[in-house]
Each structure stands twice: as structure tokens, then as C-alpha cells.
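*Asks:* Supplied in C-alpha cells, the structure appears directly below.
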Amino acid sequence: MGLSDRIISLGTLFTVACVLFSIYMRDYNELDARLINVINGLISVEEQQVRLSPKVAVGYGACVDLFVDGKDLLPSDVENLRPRHHDFINDYFQLYESYSYYFQHGAAAERFTSNSSLFDELVSAAERTPGSRYVIGGNAAVMAIRMHYEGCRVLLAATLSDRHLKSIPEEITVVGGPITRDDVHLILEYKAGETWGSYSAPRANRYILHNDYYNPRVKSLHDFGAQLKAFRPDVFVVSGLQLMDNYIYDEKRDLRIEILQGIRDQIFMVPRSTKIHFEMASYTEEKLLNLVKEDIVPFSDSLGMNEQELANLHSLYMYGNVSVVTDSTPRVASVLDEMRSIFWEIRRTSKSVPDHKTLTRLHVHTLAFQAIMTDTHSPWKQSDVAAAKASLTAYRHVCASPEVDANQAKLLMDDSFSRSLNGGTDRVVLEPERPVPCWQEGQVTICVATGVVCRNAQQTAGGGDNISAAALAVQI
Ligand SMILES: *[C@@H]1O[C@H](CO)[C@@H](O)[C@H](O)[C@H]1NC(C)=O
Ligand SMILES: *[C@@H]1O[C@H](CO)[C@@H](O)[C@H](O)[C@H]1NC(C)=O
Ligand SMILES: *[C@@H]1O[C@H](CO)[C@@H](O)[C@H](O)[C@H]1NC(C)=O
């Protein structure tokens, strides 16, 4: 090849590169414009929120999350360490073995600490570690706080010590405490690429230790009943029941049947017109989920859950078994199909239960989108506003910022979706002037909002509860 040929081919290469780059830039700019349109569209829908101050009772429980850097709490020079899994943790060595096992896989883990004095020592050491911080957690407490910020008057069932009760806004009436020893969740965080001893973490994650006593026993139940009746809430939120999942009670008997019956009795203490909302969560024990299916679901007007929990409930209703993990980024069509099928199945099966309620609302939150299905003739208001609010709350919570910044955000959804996997070619197009499409299918109305995903996560725990509570508050 001569010199001029080489110049020509270099020139060609340069031209090709420029063309490719401009195509890339055009795609990038179009995407950017779409992202900004979606965010602005959602905010304008959210602004249509009609603010009222309904009364909301929220059960059950609270915990305090104590965050600490794993490497600051655990010594890294442990000898003869063999990373391995333990079902529960009884001494320091088991903790190091278990921590190193999950750490080297970058896998999330949550372990019960069977030795309370060990747990208390770890908590005090974590409190003394610079940078550690306490945050109120637990589904009921997080939902209660969110609904308070949305203008609701809130009664919360939770057992907390005086020290942590102070972190709950004083306008919220807390029933069930105080206690002297909180249910603390000790959250050992680590970053991607971090090393501990001779191990390194492939991704950021956390290892959680707990020694819960009050939450699995729903200790606030008794005191709550007395106030609930007089409070006459507009909505009664039932949540936090998964803290009983796989718990080993030292009472020598399974308390869960009694607890669930106690909760069902409380559902009957509020006026029949009070809407019951049940917030699902992660259940792995078929026995417990079956109790929930019998004692709680038939008496619920509304259900909230994420895509994993939807698949789990769907599997229980359709096949009678639990499903522990499922696709974490499902298509809209497949989520809507599962929603349709459990919505009608729950309504059908509840009919044979004395004093049952009729399910009229189902909210499923996923990373990529929010979907709300309501009975068109039910009093649930503003589903489009609720879906927009849910999407923005997800971003705001994870980015820990009230402002939605397009530079920190991304969309996971295409600009159109199909309503069902079973045939039908009509796709719903997401247009800037109609950011939250809603449509009617016979007796139900469905609204879908594009999810705005925070690219720089500051906090993830409690996201689902904030999202569900924000959307619910809008609809009362
Ligand atoms: C429980 O933990 C304490 C404090 O670390 C320890 O002294 C004790 O041996 C542990 N108990 C058992 C049964 O391992
Ligand atoms: C549940 O049962 C269905 C139908 O028998 C089966 O296809 C599915 O794999 C089961 N799921 C689990 C998690 O066992
Ligand atoms: C979600 O709830 C937690 C606990 O109440 C709170 O700290 C956090 O700010 C909430 N997030 C949003 C977006 O409101």
C-alpha cells in the first residue's frame, strides 16, 4: 500500500468514525430529550394532587437500622478462617466465617444472631465506630412517616425505645412502646472492590445481623387495638408481617396463628367503610404465606407489592407454592397479566369467606415502571397522579434528593409497551403530552407510569414502603 492509499484509508476511517459518533450523539440527545420530557410530564401530573388530611392507622412494628462499614467493625486479621454459610450466628468466629463467605461473593445476606450478648456487644462497638448512623426502619414506621409527610393524620403501632421514638415526627401517635431494648438491624456495608483480610468484594452489598424480639411477636398488637377503635381511620394499613417469616420462637409454640387472628380481629374493629391496605413483602415460608392468604387478603380492599412479591402471590394463588426469585426487570405486559389474574382470582376466592371485602386496588412497583389497577366504580381517586407520584418517590428516595435531576436519572422502559402477552398488537405509546397512560378494561382501570431510576444510589432500604405509601396517600 502506497502512502496516498494509507492517507485515503485513514481519511475514510476518520469519516466513518465521525458518522458513527454523530449517530451516537443523536441517539444520546434524543434519549436525553425523552428523559427530560418524561420527568417534566410526571411532575406536572404529580402537581394535580388534591391534598386532604385523611386518617390512617398503620400496623405493625418498627426497627432501627444501624449502618456501619463492615471493615471498620470486623478485624481483618482473623486466623484459620474458612468462609462458609451458617444458618444463624452464635459467636464471633461464626460471624467472620459467614461474613467472609457472602463478602467474597458480593451477595446480600441477613442472619439471625442467636446469641443476644454477642449481638449487644456488636451493636455497642458499631455505635462507637465513626461514621455509623441510625435510621428508623420497618415497613409500618416508614409508611407512617411517608403518609404523615403527605398530609395524613397517622396512628402507628410500633415498639421503640424513647431514644428512637424521638426520630418519629411528633404529630404521629405511636402506640406500643416504649421498650428498653430496640429491635436493631445491624447493617454491615461494603463497596465494590473492597478487601477484607485476603478476600475482595466483587460488588457493593451488605450483610445484615439482627436479634429481633418485638417485631416477630407483633408486640404492639394489644395496645394498638384499644386506640384503633376510637381512631376510626379512613385507611388501615397492615404491613410488617414478613418479620415472622422463618422466625424461631422460643415460646415452644408457633405464635403466628394467634397473631394473624389478632390482626384479623383488628380489621373488624374499624368501620366497614375503612379501606384496608395490605402491603406484601418478601415471604419465603409457604405456611406463613398461606396464613396471610386466609386471614388477611380476603379482608383487604387494596394490595401493594413489588414484582418479586407479585410473582410470589401469583404462584401461591395459581399453583399453591411460593416462588422465591423471579425476573427483576419484567416486561409491563407480563406484570399486567399477573395483576389481572390475581386481581380476579382473589375476588373470586374471597367470595366464599364470611364478611370478606372486595379487592378494588392493586399497586405493583418495579424499577422500570409503576402500575396501578383499580375497580372503576371504587372510590380510589387519581390513579394517574398516584402512579406519577410513585415513580418520582422512587427516584427521590434512592437519590435522597427532593429534586429530580435528569443527569442523575435514567429510564429503563421503551417508548411503547403492549398491554398483554396474550395477543393484541395495540401498543400503548408513551407520549410527552400523556406521560401516565390510563385505560379501562371492563370493570377495571389501569394506569402505568414510567419509572425514573436514580443512577447514583444513596439509599435503597425502605424504598418500596415509601413508594407504596406515597401512592396510597394520594388515592384516599
Ligand atoms: C455468646 O457471646 C458471648 C459474647 O461474645 C460469648 O462470651 C459466649 O460464649 C457466647 N455464647 C455461646 C453459647 O456461644
Ligand atoms: C410451582 O408449581 C408450578 C406448577 O406445578 C411449577 O411450574 C413451578 O415450578 C413451582 N414453583 C416452585 C418454586 O416450586
Ligand atoms: C422514605 O422513608 C424514610 C424513613 O421514613 C425517610 O428517611 C426517607 O427520606 C423517605 N424517602 C422519601 C423519598 O420520602
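The values are calculated or read from the model by the stated rules, or taken from the named source; none is laboratory data. Owing to the predicted nature of the structure, the values given are computational and were not obtained by experimental measurement. Ideal geometry is used to build each Cβ from the backbone, glycine not excepted, and the neighbour counts take in all protein chains shown. When the accessible area is computed, the model is the full protein with side chains, heavy atoms only, and any ligands, DNA or RNA have been set aside. Shrake-Rupley method; radii C 1.70, N 1.55, O 1.52, S 1.80 Å.
*Asks:* Rounded to the nearest 5, what is the percent of antiparallel bridges among the DSSP beta bridges in the chain? Don't jump to the answer; show the numbers that get you there.
*Replies:* Numbers: 35 of 70 bridges.
For the chain, the DSSP antiparallel bridge percentage is about 50.
*Asks:* Given the C-alpha atoms of region 66-225, compute the convex hull and give its volume per residue in Å³.
*Replies:* 120 Å³
*Asks:* I've got another one for you. Report residue 253's accessible area, 1.4 Å probe, all protein chains in place, as a number in Å² to the nearest 10.
*Replies:* Approximately 120 Å² of residue 253 is accessible to the 1.4 Å probe.
*Asks:* A further question follows. Placing +1 at every Lys and Arg Cβ and -1 at every Asp and Glu Cβ, with all other atoms neutral, what dipole size does the chain have around its Cα centre, in debye to the nearest 20?
*Replies:* 840 debye
*Asks:* Provide the net charge surrounding residue 125, with neighbours chosen by a C-beta distance below 14 Å and charges set as Lys +1, Arg +1, Asp -1, Glu -1.
*Replies:* Here the count lands on -3.
*Asks:* How much accessible area per residue does region 266-352 have, in Å², with a 1.4 Å probe? Could you put the intermediate results ahead of the total?
*Replies:* Details: 3320 Å² over 87 residues.
Heavy-atom accessible area per residue stands at 38 Å².
*Asks:* Assuming R0 = 35 Å, what is the FRET efficiency of residue 128 and residue 34, from their Cβ-Cβ distance, to the nearest 0.05?
*Replies:* Values: r = 49 Å, r/R0 = 1.40.
So, using R0 = 35 Å, E works out to roughly 0.10.
*Asks:* Which ³J(HN,Hα) values, rounded to whole Hz and listed in residue order, are derived for region 131-141 from phi using the Karplus coefficients 6.51, -1.76 and 1.60 in 6.51 cos²θ - 1.76 cosθ + 1.60 with θ = phi - 60°, glycine and proline given as x?
*Replies:* 3J(HN,Hα) across region 131-141, in whole Hz: x, 6, 8, 9, 9, 5, x, x, 4, 5, 5.
*Asks:* Taking a point 7 angstrom from the Cα of residue 407 along the C-beta vector, which residues in region 34-49 have backbone N less than 18 Å away?
*Replies:* Inside the label zone: 34-37, 39-40.
*Asks:* Return, for the Cα atoms of region 235-339, the radius of gyration and Dmax in Å, separated by a comma.
*Replies:* 14.5, 46
*Asks:* Measure off 7 Å from each Cα along the Cα-to-Cβ vector at residue 257 and residue 72, then give the distance between these two points in nanometres to one decimal.
*Replies:* 4.8 nm
*Asks:* Once the piece of chain linking residue 377 and residue 344 is laid out straight, how much longer is it, given 0.36 nm per residue of separation minus the C-alpha distance between them? Kindly include the intermediate steps, with their values, before the conclusion.
*Replies:* Values: separation 33, 0.36 × 33 = 11.88 nm, distance 1.52 nm.
Using 0.36 nm per residue and subtracting the Cα-Cα distance, I get 10.4 nm.
*Asks:* Per residue, how large is the accessible surface of region 102-235? Use a 1.4 angstrom probe and give square angstrom.
*Replies:* Counting only protein heavy atoms, the per-residue value for region 102-235 is 44 Å².
*Asks:* For the residue pair residue 199 and residue 149, what label-to-label distance in nm results when each label sits 7 Å from Cα along the Cα-to-beta-carbon direction?
*Replies:* Reported label-point gap for residue 199 and residue 149 is 3.5 nm.
*Asks:* Could you grab the Rg to Rh ratio for the chain? Cα atoms only, Kirkwood for Rh.
*Replies:* Numbers: Rg = 24.7 Å, Rh = 24.2 Å.
With Rh from the inverse mean 1/r over Cα pairs, Rg/Rh is 1.02.
*Asks:* Excluding ligands, DNA and RNA, what is the solvent-accessible area per residue of region 360-476 at a probe of 1.4 Å, expressed in Å²?
*Replies:* Values: 4510 Å² over 117 residues.
Dividing the accessible area of region 360-476 by its residue count gives 39 Å².
*Asks:* If r is the Cβ-Cβ distance from residue 427 to residue 286 and R0 is 45 Å, what FRET efficiency results, to the nearest 0.05?
*Replies:* Taking R0 as 45 Å, the efficiency between residue 427 and residue 286 is 0.75.
*Asks:* For region 452-476 and region 47-118, what is the centre-to-centre distance using only Cα atoms, to the nearest Å?
*Replies:* So the two Cα centres are separated by 21 Å.
*Asks:* Continuing with the same structure: Using a 1.4 angstrom probe on the protein heavy atoms only, could you order 147, 318 from most to least accessible area?
*Replies:* 318, 147
*Asks:* Let me ask something else. Report, in deg cm²/dmol and to the nearest 500, the calculated mean residue ellipticity at 222 nm for the chain, where each DSSP H run with n ≥ 4 adds -39500 (n - 2.57) and the sum is divided by the residue count. The partial results should precede the final answer.
*Replies:* Details: 13 runs with 185 residues, N = 476.
Computed mean residue ellipticity for the chain: -12500 deg cm²/dmol.
*Asks:* I'd like the accessible area for residue 149: 1.4 Å probe, protein heavy atoms, all chains in place, Å² to the nearest 10.
*Replies:* 130 Å²
*Asks:* Residue separation times 0.36 nm, minus the C-alpha to C-alpha distance between residue 460 and residue 55: what's the value?
*Replies:* On the way: separation 405, 0.36 × 405 = 145.80 nm, distance 2.77 nm.
Full extension from residue 460 to residue 55 adds 143.0 nm.
*Asks:* Averaging sequence separations of C-alpha pairs under 8 Å and six or more residues apart, then dividing by the length of region 264-357, give the relative contact order as a whole percent.
*Replies:* 29 percent
*Asks:* I'd like to compare 101-107, 403-409: which one has the highest average count of other Cβ atoms within 10 Å, and what's the full order after that? Before the final figure, lay out the partial values.
*Replies:* Values: 101-107: 18.1, 403-409: 14.1.
Taking the mean over residues of other Cβ atoms within 10 Å, the ranking is 101-107, 403-409.
*Asks:* HN-Hα J couplings of region 108-114 from phi, Karplus 6.51/-1.76/1.60, θ = phi - 60°, integer Hz, Gly and Pro as x?
*Replies:* 5, 9, 9, 10, 7, 9, 6
*Asks:* At a 1.4 Å probe radius, carbon and sulfur cover how many percent of the accessible area of the chain?
*Replies:* The C+S portion of the solvent-accessible surface of the chain is 51 percent.
*Asks:* Then there's this: Taking 0.36 nm per intervening residue step and subtracting the Cα-Cα distance, what contour gain separates residue 181 from residue 227 on full extension?
*Replies:* The span from residue 181 to residue 227 would gain 14.2 nm if fully extended.
*Asks:* Let me ask another. So how do 264-277, 199-212, 360-373, 296-309 stack up, highest first, on mean other-Cβ count within 10 Å? Intermediate results must be reported in sequence, preceding the final value.
*Replies:* Details: 264-277: 16.4, 199-212: 18.0, 360-373: 24.5, 296-309: 22.6.
By packing density, highest mean first, the sequence is 360-373, 296-309, 199-212, 264-277.
*Asks:* To continue, here is another question. Starting from the Cα of residue 325, step 7 Å along the direction of its Cβ; do the same at residue 443; then give the gap between the two resulting points in nm.
*Replies:* For the pair residue 325/residue 443, the computed spacing is 3.8 nm.
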